[in-house]
Amino acid sequence: MPKTAPAMAGSQPIATDITAPLILDFLEWLAAEPRAYAEVMDGWRTSCPRLTIWEDAVDGGYVVRRRDGRLEAVVEVTPLGHQFLSQASRRMVSSDPPRPCSAP
C-alpha cells in the first residue's frame, strides 16, 4: 500500500498511514449516498482513542452533519472529502497493480 501524507486541519495531522485507509473507506461508504446520523454513529463512532475515524473525518473537514429541514440529521461528504477520495484514487491507480498469486 502506498504511503499517504497526513491530511492537515490547521497544524494537526488528521490522516496517518494507519487511519487514512479507514477514513477513505468511511468516505467511500458515505459518497454513495448521504447517511442518517444515527446510522453513521452506529457503524463508525468508536471509543478507541487510536482509531478515531469519525472524529478525524469531521476534524479534517471531510464530512458534515446537516439537518436541512429534515427530521433526522444526515452526514455527507464535503468537497474536501471528495478531493481526498479523488487524490487517493489517483495514487492507487498510479501505483503498481497487485500481482495474482501463483498456484503451487
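Any read-out appearing in this document is the output of simple, stated calculations on the displayed coordinates, not a laboratory observation. All values reported here derive from a predicted model rather than from experimental measurement. Here Cβ is always computed from backbone atoms with ideal geometry, including for glycine, and neighbour counts include all displayed protein chains.
Using a cut-off of 15 Å between beta-carbons, work out the net charge of the residues near L30 (Lys and Arg +1, Asp and Glu -1, L30 not included).
Details: positive: R35, R45, R65, R66; negative: D25, E28, E33, E39, D42, E55, D56, E76.
Neighbourhood net charge equals -4.
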(message) With bins 5 Å wide starting at 0, give me the P(r) of segment 13-93 over every alpha carbon pair, in whole percents.
(response) 3, 16, 27, 26, 16, 8, 3, 1, 0
(message) Run the numbers for D68 and Y37: contour at 0.36 nm per residue of separation, minus the present Cα-Cα distance, in nm.
(response) 9.9 nm
